[in-house]
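The values are calculated or read from the model by the stated rules, or taken from the named source; none is laboratory data. As the structure is a computational prediction, the values presented were derived from the model and not from experiment. Using ideal geometry, Cβ is built from the backbone for each residue, glycine included, and neighbour counts are taken over all protein chains shown.
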Amino acid sequence: MNTLIKTTLASAILAASVTSAQAETEMVVVSWGGAYTKSQTEAYHKPYMKNNPGIKIVNDDSSSEATAKLRAQAEAGKVTWDVVDVVPDAAIALCDEGLAMEIDHDKMLAAAPDGTLPSVDFGDAIISPCFVPQIIYSTTIGFRTDKVGAVAPSTISDVFDTKKYPGKRALQKNPAGNMEWALIADGVPSADVYKMLATEEGVARAFKKLDTIKKDVVWWTKGAQPGQLLADGEVVMASAYNGRLFAAIEENKQPVGMMWDAQVFELDGWIIPTDAPNKEEALKYLKFATDTQRLADQSKYISYGPARKSSAALVGKHATLGIDMAPHMPTAPANAKNVLFKDVNFWADNQDELAEKFEAWLAKG
Amino acid sequence: MASHTEALKTADGISLKLSLQRSLRRKKRNALLLVAPLFLFILVTFLFPIFDMLLRGVENSITEEILPTTVVVLADWDPALGKLPEEEVFKAFTVDGQIAAKAKIISRLGKRLNYEKSGFSSLFRKTGRKLRKFDPEKLTSTYKENLIKIDKKWGQVETWALLHRESGSYTKSYYLAALDLTQNAEGNIEWKEADSRIYIDLFIRTLWLSCLITFLTILLGYPIAYLLATLKSKTSNLLMILVLLPFWTSLLVRTSAWIALLQKEGVINDTLVAIGIISDDSRLSMIHNSTGTLIAMTHILLPFMILPLFSVMKTIDPSYVRAARSMGATGFTAFRRVYFPNTIAGIGAGGILVFILSIGFYITPALVGGVDGTMISNFIAYHISTSLNWGLAAALGAILLALVLALYILYDKLVGVDNMKLG
C-alpha cells in the first residue's frame, strides 16, 4: 500500500514538474523575417501553439547568416536555436559538419493523407539527410507593363535583347542564376547548362553573353530591391523572387507583369541543430509544420510552392485577397514549362572561383 | 634648536618624504584602478579581436587537425618530381579521412581547400561519404587504387601538391589572395589571371573615394562651420540643430532618402526635366554608381567635419583678424595668413575622422554604390557573412588596417598629430 502511495505521489510530482517545464518551453525558430516569417507564423506557429499550450515559439530573423551564426554558437558550446530555416547549400554544409542532425524522414515526419511516405512525397527535394523541405520558390523576371511596349517579354532571351526591350534591367549581383540564364539565352538547353558551365569555354560564353547587356544592368543585392526598382521606374525589367513579384502585382497593384520562362527553382527548408536545446519539441513541431495540410496553408499567405507533392491539390485562396493561389505557384504546370533546378553541388564547388571572376568582370567596366 | 639634518616629520611622526611618496603612490594606484575598467574593455573588445583577426589571416591548423598522420608522411614527398606520393601516404589519408569522416569534420577541410582550387569541396564530401563506409578488412586493392577509384582526382599530382602546400600550421595564401597573387604548381608566387584580379583595384578605389569624400566635406563643411562660429549664438544654435538633426537620424533612412532623390525617376531628375534643363530621355545617372556613393557618404559624414571645425573656430579670437585688417591686410590676406592657419588643427582632426570612417563604410556603398561605387569593406562583409572565407576577410582587413596606419604616420610626418584638435 505504502509503495503504491509513494509511486503515485512520485508520478504526480513528475507529471507536475513536466507540465510546469512545458509551460516554460520557449522554442526558437529561425527564419528570414518579413512576409515570409509572417506566413510561417500564420500557417505553422499559431495553430501549433494553440494545440500545444506549453510551447511558446519565438521568431529570430537570422537565416541569412545561419551558417556563420550556428558555427559560432557551436564553437562557443551554446546553441540557442531549435529549428532553422535555411537554403539547401547551408543545409548541406551544416549537415556535413555535423552541426545539423540527420532526420529519418519516414519515421519522424507525417505521411501524406493517402499514406504516401514522406520520402516519396518530398522526393528529390530531400537534398541532404538533415534537410526537411518546405517550399519551392523561384527567381524569375518581372517587368513594367507600361514600359515594354505592346508585346510583353516572354522568354529569357528577351532580357538579353536590348533592341527589342531598351532600358535598364536589374539582376542579382551574384554569378549564380545569371550565368545560367546567359547560357540559356545563348541557345544552350536547360538540361546542359551545368555541364557547359563546368568548362572554361562555358564560363567565357556566359560572360560574353552578359557583356551584351552589361551597361544596361543595375545590380541588386537585397531581395526587396528589385520590387522597389520596378516600382520607381528605375528599370524596365528585373529578376526577383516570385513571391516579391506577386506582392508587387497583386498586393500593391503595381503596373508590373511577370514571366515564368527559365525560372530558376530553389528550395528552402528546415534543419534542427545537433545541439538544439529542445530537440524533442523541435521534432514534434517539424512533424506538424511540414504535414500536407500545413504546407498547403502557407501558400495562403505567400506565393511560394509547397515542397510536398500531396500539398498541391490543397492550395486554396489567398487569406486576405481571396484570389486563387494555385496559378501563382512556381510549380503550377502552366508556369513550370521551362524550369532550371539550381544545382546546389555545382555552386558549392564553384561559387568561390566564379564569384571572383564575376567581380573582376564587373569591375572591368 | 633641532639640527637641520633632521628630516621633516608629519604630525604622526613619519618622515615627510615617505609620507609624500605614500600619498603619491596611493594616487597613482587610484588612477590606475579608475582606468582599469576602460583598459580591460579595450583589451577585450578592441586589442584582442584585432590580434585574433591578424592571426586568422595566416592560421591554417585545419589540415594537421583533420589529417594528422597524412601531414607527417606527406612532408617527405616532393611535388616537383611530378610523381604521385607513396602508398603509405594514401594509407595514412584513408585512415585519417575515415576518422574525420566519422567525426563529420572532413568537409571543413574540403571547404578550406576549395578557396585555393574549385572542386575540392565536392571531392572531400564525396570521399568522406565513401570513407565512412570503408572497411580495411575488405580491401582487395592497394590503398592508392582504392582512393583513385573513389575519385580520379586522387591520381593527379596537383591534388596532392595542393594538400602538401597547405599542410603547415600557417599559410600565406590568404594574404596572397588579398593582393591578387597566387602560387603556381611549382610554388612560385605570380599574379592571378587578369579575369580574377579584384582586390588591388578595390583598395585603390577605396582610398581614392575616401580622399575625395574627405576633400568634399572640407569644402562644404568649412563655410558652414565658419558661419556657425561667427553668428550670434541664437541663430547659430538653430543652425547647429540643422547640422545635428541628420546626424541623429538613422544611417539607413538617410541612405534611402538619397535613393529617392537621386534615382532616374527621382525628385532631382524630375525637377531638372520639368524646368527643361535636361530632356526626358537623357536623365542623369546619379545613383548605383560611384557618384551615388560620393554624394550620400559626403552628406552622411559632413557633421564629423563640421563639429571639430566649429569647436576650433569658436576659440579663435575675432580680434586677430581685426588686428590684421587694421594693419592693412586685405580681407583675403587676413583670412589666408591669420584665420586659416588657426583652423588647420580642426581640418586635420575632421579630415582624419572622415577619412577613417569612410574607409570602413559599407552599408551606404552597398545600397547606392552599384558596381563602381562599392568599397573594400563590402567585400570583407561578403567574405564574413556569405562566402564564410574568414581567413581572406581577415587578410583584407589587416591590409586595410596597415594602410590606415601608414597614412596616419605619413600625416604625422607632414602635419604633426599634435596639431590635431578634436574640440
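Tabulated data for the structure shown
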| read-out | value |
| --- | --- |
| Residue match in the stretch B:159-177 (condition: within 30 Å of B:Thr291 (Cα to Cα) and within 14 Å of chain A (Cβ to nearest Cβ)) | yes |
| Of all residues in the stretch B:256-267 being within 13 Å of chain A (Cβ to nearest Cβ), surrounded by fewer than 20 Cβ atoms within 10 Å (Cβ to Cβ) and not charged (D, E, K, R), the one that is farthest from A:Gln172 (Cα to Cα) | B:Val267 |
| Within the stretch B:213-255, considering residues that are surrounded by 15 or more Cβ atoms within 10 Å (Cβ to Cβ) and over 19 Å from B:Leu309 (Cα atoms), the one nearest to the other protein chains (Cβ to nearest Cβ) | B:Thr255 |
| Unmet criterion (only one of (1) of a type in the set (A, V, I, L, M); (2) surrounded by fewer than 21 Cβ atoms within 10 Å (Cβ to Cβ); (3) modelled with pLDDT of 90 or more) for B:Ile347 | (2) |
| From the options B:Ser122, B:Ser118, B:Ser167, residue that is assigned to a helix (DSSP H, G or I), polar (S, T, N, Q), out of contact with any His (no Cβ under 7 Å at 6 or more places or on another chain) and in the same structural domain as B:Asp96 (by TED's automatic domain parsing) | B:Ser122 |
| Any hit, the stretch A:315-327, residues being surrounded by fewer than 24 Cβ atoms within 10 Å (Cβ to Cβ), among the acidic types (Asp, Glu) and either under 15 Å from A:Lys46 (Cβ atoms) or modelled with pLDDT under 90 (or both) | no |
| Filtered residues of the stretch A:240-254 (kept if out of contact with any Gly (no Cβ under 7 Å at 6 or more places or on another chain) and not in a helix (DSSP H, G or I)) | A:Asn252, A:Lys253, A:Gln254 |
| Count of the stretch B:81-115 residues which are touching a Gly at 6+ places or on another chain (Cβ under 8 Å) and away from chain A (no Cβ under 14 Å) | 1 |
| Subset of the stretch B:276-294 (residues that are β-branched (Val, Ile, Thr) and surrounded by 19 or more Cβ atoms within 10 Å (Cβ to Cβ)) | B:Ile287, B:Thr293 |
| Those residues of the stretch A:79-131 which are within 14 Å of chain B (Cβ to nearest Cβ), surrounded by fewer than 22 Cβ atoms within 10 Å (Cβ to Cβ) and charged (D, E, K, R), in sequence order | A:Asp89, A:Glu97, A:Glu102 |
| B:Ile356 among the aliphatic types (A, V, I, L, M) and either under 26 Å from B:Gln263 (Cα atoms) or more than 23 Å from the chain's Cα centre (by Cα) (or both) | no |
| Qualifying residue in the stretch A:149-159 (condition: over 19 Å from A:Asn335 (Cβ atoms) and buried (at least 20 other Cβ atoms within 10 Å of the Cβ)) | no |
| Filter result (part of a loop (DSSP other than H, G, I, E, B), under 18 Å from the mean Cα position of the chain (by Cα) and within 14 Å of chain B (Cβ to nearest Cβ)) within the stretch A:312-365 | A:Asp343 |
| Residues of the stretch B:337-363 satisfying the condition of being among the aromatic types (Phe, Trp, Tyr), in contact (Cβ under 8 Å) with a residue 12 or more places away in the chain and not in a loop (DSSP other than H, G, I, E, B) | B:Tyr339, B:Phe355 |
| Matching residues, the stretch A:187-205, being touching a residue at least 60 places away in the same chain (Cβ under 8 Å) and either assigned to a loop (DSSP other than H, G, I, E, B) or not aromatic (Phe, Trp, Tyr) (or both) | A:Ser190, A:Val193, A:Leu197, A:Ala198, A:Val203 |
| Flag if B:Asp201 is within 14 Å of chain A (Cβ to nearest Cβ), part of a helix (DSSP H, G or I), without any contact (Cβ under 8 Å) to a residue 12 or more places away in the chain and under 30 Å from A:Leu354 (Cβ atoms) | yes |
| Residues within the stretch B:369-383 that are within 11 Å of chain A (Cβ to nearest Cβ), in contact with a Gly (Cβ under 9 Å, 6 or more places away or on another chain) and not in a loop (DSSP other than H, G, I, E, B), tallied | 2 |
| Filter result for the condition that a residue is of a type in the set (D, E, K, R), at pLDDT below 90 and assigned to a helix (DSSP H, G or I), over B:Lys28, B:Lys17 | B:Lys17 |
| Selection within the stretch A:191-221 - within 13 Å of chain B (Cβ to nearest Cβ) and of a type in the set (Gly, Ala, Ser) | A:Ala198, A:Ala204, A:Ala206 |
| Qualifying position, being assigned by TED's automatic domain parsing to the domain that holds B:Ser285 and without any contact (Cβ under 8 Å) to a residue 24 or more places away in the chain, among B:Ala398, B:Ala366 | B:Ala366 |
| Those residues of the stretch A:156-190 which are of a type outside the set (A, V, I, L, M, F, W, C), within 22 Å of the chain's Cα centre (by Cα) and more than 13 Å from chain B (Cβ to nearest Cβ), in sequence order | A:Gly177, A:Asn178, A:Glu180, A:Ser190 |
| Boolean, B:Pro303 is in the same structural domain as B:Phe247 (by TED's automatic domain parsing), modelled with pLDDT of 90 or more, part of a helix (DSSP H, G or I) and farther than 30 Å from A:Gly167 by Cα | yes |
| Tally of residues being surrounded by fewer than 18 Cβ atoms within 10 Å (Cβ to Cβ), within 18 Å of B:Asp76 (Cα to Cα) and touching a Gly at 6+ places or on another chain (Cβ under 9 Å) across the stretch B:125-164 | 1 |
| Pairs, first of a type in the set (S, T, N, Q) in the stretch B:251-271, second modelled with pLDDT of 90 or more, C-beta under 6 Å, six or more apart | B:Thr255/B:Ala296; B:Thr255/B:Thr364 |
| Condition met for A:Leu321 (in the same structural domain as A:Ala90 (by TED's automatic domain parsing), on the phi < 0 side of the Ramachandran plot and out of contact with any Cys (no Cβ under 9 Å at 6 or more places or on another chain)) | yes |
| Total residues in the stretch B:370-390, condition touching a Pro at 6+ places or on another chain (Cβ under 7 Å) and among the β-branched types (Val, Ile, Thr) | 1 |
| Test: B:Thr140 is away from chain A (no Cβ under 11 Å) and either part of a helix (DSSP H, G or I) or not polar (S, T, N, Q) (or both) | no |
| Qualifying residue in the stretch B:64-78 (condition: within 25 Å of the chain's Cα centre (by Cα) and either within 14 Å of chain A (Cβ to nearest Cβ) or crowded, with 19+ Cβ neighbours inside 10 Å (or both)) | no |
